[in-house]
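Reading through the structure tokens given below for one structure.
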Number of protein chains: 2
Amino acid sequence: MARKRLPAPELFASALAGDRSSLARLLSLIERGDDEAREIGRLAYPLSGDGYTVGLTGAPGAGKSTLTSSIIGHLRSLDLEIAVLAIDPSSPFTGGAILGDRVRMQDHATDPGVFIRSMATRGHLGGLSLATPEAVRALDAIGRRWILVETVGVGQVEVEVAGKADTTVVVVNPGWGDSVQANKAGLMEIADVFVINKADRKGADETRRDLMQMLDLSDLAHEAWRPPILNTTGTTGEGVPELWEAVLSHRAHAEESGILKERRTFRLREELREIIAQRLGRKARAICTGTRWDELTEEVVERTTDPWTAADEMLAAVDA
Amino acid sequence: MARKRLPAPELFASALAGDRSSLARLLSLIERGDDEAREIGRLAYPLSGDGYTVGLTGAPGAGKSTLTSSIIGHLRSLDLEIAVLAIDPSSPFTGGAILGDRVRMQDHATDPGVFIRSMATRGHLGGLSLATPEAVRALDAIGRRWILVETVGVGQVEVEVAGKADTTVVVVNPGWGDSVQANKAGLMEIADVFVINKADRKGADETRRDLMQMLDLSDLAHEAWRPPILNTTGTTGEGVPELWEAVLSHRAHAEESGILKERRTFRLREELREIIAQRLGRKARAICTGTRWDELTEEVVERTTDPWTAADEMLAAVDA
């Protein structure tokens, strides 16, 4: 099965023309993050900017994937073309289970109006935080106007990535289990809309009161936008149209108030800083090699020198 | 309440002499990660190396903190002096809840043979991965021979940090809920010992079979050390002495086989690389300022240039 590997620009052109398998390969290149990824980035950048990203995040087991599936159904009923990026390692979308029976995704998988893609969360530090906006821009460039990004809201990198959507929906469950305790503050900070999913279960009212109290106590209470709290049942789709209305309201607010432009500018600056830091990091890896490097690490291991002194010496060698 | 701020070397000397509040402040400085942290690092480094770290990791809600509490009790009954670092954002140790009644930690909190400290997981990327080994070395330097590190096993950075212990215990529960699906592969990779906690619940046998099957299929099956699978009930302490025996067996194996030295060398090399990368990152932040930076980011926002071209220009300015 030797398949000819297309160069990045041809792959991009083919994806732009609507070829789904080219798009899939394009996203794999972006995930890998090497020079070809940067080439794709340069091509996609000027064509992007009209897409709008909606992030869905929450603890593992909160039902994000089932909810995402219901949202896809709702958006398709409105005849919107969408793309979904699943960055949640617990997502059934991730790891090739899309066609499994765990969630009813079969309809979506064969629907040309839906493109679903999972992104690996493991690998180099920072890989995810650069690959995600790049993947979003590629999907934006090929004409998807709505891009849903599903992330697990636990972990330092993951919450940072989750906070980079234009509208961020934080999914919680009745009861606020231990799993939601994790990074509660981080999730509060990035929420534009709260969803109590599995709202048919016991404890939804208490959870709502909890959230309202936390909002009252937080800085968000003084902002022009107070995150609304919606109830959904992902499995039946109940509450999903109302959730989507809340997303649209937030979008309208963000656009009119100038917050959207502010956020995007802030994000791009951060990304630019990170690109520069990563390039320098590559330089660091290039430094960390050779005889002197081997000697220095041995000295650190033997504790005749400490890591900071060793780092100083390696860095001085570069500047010289 | 103006408290005189001691310089880092004096604080270190005071912690070394056994003053707990100095130790606590020392760890706060390490957490902050600035120049003082590096100074402490240089002081602690030559004095460290005899401590042994045991990592406990698993999904939020797996009962890691209760289990940790039981392990502390067991080690204290053996008259061992220990330190505990809690890096789990869902841990009741984190966020000042140590004296709460959620877990029975009151005894430990006033026991001079136990030092418990939580580390913040939020902040700059990579902050955690440098602060954790530094904190471990400070505890090691002041003479703690056993250092337990509790981390949440979800998230890219967190799993990496969890994998950096001398012996890593992965905590799962009967049933392998959705929350355990997250990063299953990552957790399998770092496990030296598996614990099925809450083993009194239904499904412990199936979970054991699951784990054994996963071990058979993994590369670990061909290694000299096959991770044993223990049952515990954190709330009653049942199985905890056996768990500790398994940790001791792994330690003996790691020491005799040379794996411990290999791992520590590998970790130090990684850390040294990261120190160098972070220094360069600081340089990057210094670059990203000034008139040309403002102009370039504006061009990126307006999409007249792309982030990679802008990064190239900023980097060229440094090298010139």
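The values are calculated or read from the model by the stated rules, or taken from the named source; none is laboratory data. These numbers come from a predicted model, not from an experiment. Cβ: placed from backbone, ideal geometry, glycine included. Neighbour counts: every protein chain shown.
Observations on the model:
- The set of residues in segment A:2-31 being in contact with a helix residue (DSSP H, G or I) (Cβ under 8 Å, 6 or more places away or on another chain) and hydrophobic (A, V, I, L, M, F, W, C) consists of A:Leu6, A:Ala8, A:Leu11, A:Phe12, A:Ala15, A:Leu16, A:Leu23, A:Leu26, A:Leu27, A:Leu29, A:Ile30.
- In segment B:288-308, residue farthest from B:Glu134 (Cα to Cα) [restricted to those that are within 7 Å of chain A (Cβ to nearest Cβ) and not aliphatic (A, V, I, L, M)]: B:Arg303
- Considering the conditions (1) modelled with pLDDT of 90 or more; (2) buried (at least 23 other Cβ atoms within 10 Å of the Cβ); (3) more than 10 Å from every other protein chain (Cβ to nearest Cβ), A:Leu78 is excluded by exactly one of them, (2).
- Selection over segment A:289-308 of residues that are closer than 17 Å to B:Arg42 by Cα and either in contact with a Phe, Trp or Tyr (Cβ under 9 Å, 6 or more places away or on another chain) or not in a helix (DSSP H, G or I) (or both) gives a count of 8.
- Count of residues meeting criterion [surrounded by fewer than 20 Cβ atoms within 10 Å (Cβ to Cβ) and facing chain A (nearest Cβ under 7 Å)] in segment B:274-287: 4
- Output for segment B:58-70, where each listed residue is more than 12 Å from chain A (Cβ to nearest Cβ) and of a type outside the set (A, V, I, L, M, F, W, C): B:Thr68, B:Ser69, B:Ser70
- On the stretch given as segment A:218-272, residues that are part of a helix (DSSP H, G or I) and within 14 Å of another protein chain (Cβ to nearest Cβ) total 13.
- Exactly one residue out of B:Thr94, B:Thr68 is at pLDDT below 90 and among the hydroxyl-bearing types (Ser, Thr, Tyr), and it is B:Thr94.
- Looking only at segment B:118-133, and only at residues there that are at the interface with chain A (Cβ under 10 Å from one of its Cβ atoms) and not in a loop (DSSP other than H, G, I, E, B), the one that is modelled with the lowest pLDDT: B:Gly127
- Residue check for B:Ala15: in a helix (DSSP H, G or I) and closer than 20 Å to B:Thr110 by Cβ: yes
The rows are residues; the columns are (1) within 13 Å of chain A (Cβ to nearest Cβ); (2) part of a strand (DSSP E or B).
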| site | (1), (2) |
| --- | --- |
| B:Leu11 | no, no |
| B:Leu29 | no, no |
| B:Glu39 | yes, no |
| B:Leu43 | yes, no |
| B:Asp50 | yes, no |
| B:Gly55 | no, yes |
